[in-house]
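Peer 1: Mind looking over this structure? Questions follow.
The values are calculated or read from the model by the stated rules, or taken from the named source; none is laboratory data. Here the structure is a predicted model, which is why all the values come from computation and not from measurement. Backbone-built Cβ (ideal geometry, glycine too); neighbour counts: all protein chains shown.
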Amino acid sequence: MKQLTWRKHHKWFGLLCSFFIVMFCLSGIILNHRTTVSGMNVSRKWLPRSYRFQNWNHGLVRGSLQTSIDDKPSILLYGDAGIWLTDSHGSPPEDFNKGLPQGADFRNIRNIVQTNKGELFSAGLFGLYHYNRIKSHWELVRLPMKEERLTDLVVRNDTLIAVGRSYLYVCPAPHRSFRIVQIKAAKEYDGKVSLFRTIWLLHSGELFGSFGKLLMDIIALILIVLCLTGVFYWYLPKHIKKRQKRGKTNRISKDLLNKSLLWHDKLGRWTLFLTLLIGTTGWCLRPPIMIALLFTKTSPIPGTVLDSSNAWDDRLRILRFDTRQNEWLLSTSEGFYTLSSLEAIPVKLSNTPPVSIMGINVLVPDTCGNWLVGSFTGLYVWNRRDNQIRDYYTGDAPPAEKGSPFGEHAIAGYSNDFPKQHYIFDYQTGANFIPMPHNFAVLPISLWKLCVEIHTGRIYTFLEPATLVFIFVAGLLTVWILITGYKIRKRKKVFR
């Protein structure tokens, strides 16, 4: 292409994408420091209307537990916005979060269980809590955690097991001291990791620990400076010429223009490799490139966080005990496994229900002894004894090939604790459940989760349905802007 064409591409694509690139960078910096911002919330009333809770959707209910509170039969509802108390008659839900941290991220409850002695425990993303019935509030239970999130909670013969993304935390009654259990590697384990996770951690810098995240934060700040100086360089000449026509001079504007060009040019050249790295890796983390990365395995890069001796590092999701088969059933990012005991070698199951890459949300037994398996792919009935799997809604066998992460029914939760009725909670449409209080609609969203919506482009609802390909297009344009900037990197004369 001609030099003039390169310049036009860099100018106009840069102006078009500057706002979005700045938002990518700001949200990315916050995403890199989740624990720092976990206590920060944003009211949903400030977000597009589609982000408000309606009819118990958006994961507001993940599950329920039948119990007794103050000697009254009660039902606890839990999900992305904490814990709520109701009863079998569907009485208006009451707040049951006393003692839990205020941040919405802390109130993302994964499961609630009750021991044989009636003790209540709940697992949030960042901690395990015990309900003190005397003081009527939740209390934090100290775990020997290795800075990982909890994904599930299960009780078996009064032994409490908190499931992390990499380890199990096991505690027999009276639930005072937990021990860490590292599940043994399966026979087919080859030490490889998904290429998608490698690219994901490379994009955030987490692949190289705290240093890597700090480096990517700096690159994000540099991209912000490049966007701002580029906009200044486009706008200020017009402003200066208008003032000159009026017989006025503005030395400050001219100095700012020259400095903008200088910084834009030097920063762009010095950091080209790193800015291209962050741009291309981000582009790869959404469809269609993402699909290919998910099903590609590669050896972990030596010396990085992926080079772990734990075969289940960041792969554990849900643990259940199958009383019908008398064995543990473990859901992981690698599929389903069975264990005769927690110390046994896991055995991978070959014929299993489809689960969305976004994770499993429901794994509960039905009244017939089958398992209900729900995720954003759909809801399936799994008869393990006869090794049969059927779609809950159609009765059909699941598709032979893996498809979209989102099915016709995106299952976010399930409850069978109400008399003569069970409820399936769709992420988008919710469920025909008890009336949802009006104030629930604007329950806060965590700042971190809001930044996820910004970083993935889903927040730009005015672009629908183009939001599905937003990252793919934005990533391509960002890379192209950097390349065209390199092609025209010869320094221009300063404005005099």
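Peer 1: Scan the stretch 278-291 and report the pairs whose first residue is within 15 Å of THR467 (Cα to Cα) and whose second residue is part of a loop (DSSP other than H, G, I, E, B) and modelled with pLDDT under 95, with Cβ atoms within less than 9 Å and a gap of 6+ or a chain change.
Peer 2: ARG286/GLY457; PRO287/SER404; PRO287/PRO405
Let's see how each residue does on (1) among the small types (Gly, Ala, Ser); (2) modelled with pLDDT of 95 or more; (3) assigned to a loop (DSSP other than H, G, I, E, B); (4) within 21 Å of the chain's Cα centre (by Cα):
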| position | (1), (2), (3), (4) |
| --- | --- |
| GLY268 | yes, no, no, no |
| TRP283 | no, no, no, yes |
| PRO287 | no, no, yes, yes |
| ALA292 | yes, no, no, yes |
| GLY303 | yes, no, yes, no |
| TRP312 | no, yes, yes, yes |
| SER350 | yes, no, yes, no |
| ILE357 | no, no, yes, yes |
| ASN361 | no, yes, no, yes |
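Peer 1: Here is a follow-up. If you go through the stretch 386-397 one residue at a time, do you hit one that is touching a residue at least 40 places away in the same chain (Cβ under 8 Å) and either out of contact with any Gly (no Cβ under 6 Å at 6 or more places or on another chain) or not in a strand (DSSP E or B) (or both)?
Peer 2: Scanning the stretch 386-397, I find no residue that is touching a residue at least 40 places away in the same chain (Cβ under 8 Å) and either out of contact with any Gly (no Cβ under 6 Å at 6 or more places or on another chain) or not in a strand (DSSP E or B) (or both), so the answer is no.
Peer 1: Then there is this: Please go through the stretch 54-82 and pick out each residue that is part of a strand (DSSP E or B) and aromatic (Phe, Trp, Tyr). Please lay out each step first, then the result.
Peer 2: Let us first name the residues in the stretch 54-82 that are part of a strand (DSSP E or B), namely 63-69, 72-79, 82.
Across the stretch 54-82, the qualifying residue is only TYR78.
Peer 1: One residue is enough: does the stretch 461-469 have a residue meeting the conditions touching a helix residue (DSSP H, G or I) at 6+ places or on another chain (Cβ under 7 Å), touching a residue at least 40 places away in the same chain (Cβ under 8 Å) and either on the phi < 0 side of the Ramachandran plot or buried (at least 18 other Cβ atoms within 10 Å of the Cβ) (or both)?
Peer 2: Checking the stretch 461-469: at least one residue is touching a helix residue (DSSP H, G or I) at 6+ places or on another chain (Cβ under 7 Å), touching a residue at least 40 places away in the same chain (Cβ under 8 Å) and either on the phi < 0 side of the Ramachandran plot or buried (at least 18 other Cβ atoms within 10 Å of the Cβ) (or both).
Peer 1: Does the stretch 32-41 include one or more residues that are surrounded by fewer than 20 Cβ atoms within 10 Å (Cβ to Cβ), not polar (S, T, N, Q) and not in a loop (DSSP other than H, G, I, E, B)?
Peer 2: Within the stretch 32-41 (the criterion being surrounded by fewer than 20 Cβ atoms within 10 Å (Cβ to Cβ), not polar (S, T, N, Q) and not in a loop (DSSP other than H, G, I, E, B)), the answer is yes, since at least one residue qualifies.
Peer 1: Further question on the same structure: Select from the stretch 48-74 the residues that are surrounded by fewer than 16 Cβ atoms within 10 Å (Cβ to Cβ), basic (Lys, Arg) and closer than 21 Å to ASP426 by Cβ and list them in ascending order.
Peer 2: Matches in the stretch 48-74: ARG49 only.
Peer 1: Another one. Which strands (runs of 3 or more DSSP E) sit wholly inside the stretch 116-182 and have at least 1 residues that are more than 30 Å from VAL37 (Cα to Cα) and in contact (Cβ under 8 Å) with a residue 40 or more places away in the chain? Talk me through it step by step, then tell me what you get.
Peer 2: Working: elements: 120-124, 127-132, 137-141, 150-156, 159-164, 168-171, 179-181.
Answer list for the stretch 116-182: 150-156.
Peer 1: With respect to LEU153, is the statement that it is surrounded by fewer than 22 Cβ atoms within 10 Å (Cβ to Cβ) and within 23 Å of ASN416 (Cα to Cα) true? Break it down into steps so the answer makes sense when it comes.
Peer 2: Values: surrounded by fewer than 22 Cβ atoms within 10 Å (Cβ to Cβ): no; within 23 Å of ASN416 (Cα to Cα): yes.
In short, no.
Peer 1: Is there any pair with a first residue in the stretch 194-215 that is surrounded by fewer than 17 Cβ atoms within 10 Å (Cβ to Cβ) and a second that is of a type in the set (Gly, Ala, Ser) whose Cβ atoms are under 6 Å apart and which are 6 or more apart or on different chains, and what are they?
Peer 2: Here the result reads LEU215/GLY205, each pair linking the stretch 194-215 to a residue that is of a type in the set (Gly, Ala, Ser).
Peer 1: Examine the stretch 137-146 for a residue that is buried (at least 19 other Cβ atoms within 10 Å of the Cβ) and not aliphatic (A, V, I, L, M), and state whether such a residue exists. Show your work before the answer.
Peer 2: Start the filter on the stretch 137-146 by keeping residues that are buried (at least 19 other Cβ atoms within 10 Å of the Cβ), which leaves 138, 141.
Remaining after also requiring not aliphatic (A, V, I, L, M): 138.
Yes, the stretch 137-146 contains at least one residue that is buried (at least 19 other Cβ atoms within 10 Å of the Cβ) and not aliphatic (A, V, I, L, M).
Peer 1: Filtering the stretch 384-401 down to residues that are of a type outside the set (A, V, I, L, M, F, W, C) and surrounded by 15 or more Cβ atoms within 10 Å (Cβ to Cβ), which residue is nearest to ARG286 (Cα to Cα)?
Peer 2: PRO398
Peer 1: Here's a check for you: in the stretch 87-129, which residue that is hydroxyl-bearing (Ser, Thr, Tyr) and surrounded by fewer than 20 Cβ atoms within 10 Å (Cβ to Cβ) is nearest to ARG142 (Cα to Cα)?
Peer 2: Top of the filtered list is THR115.
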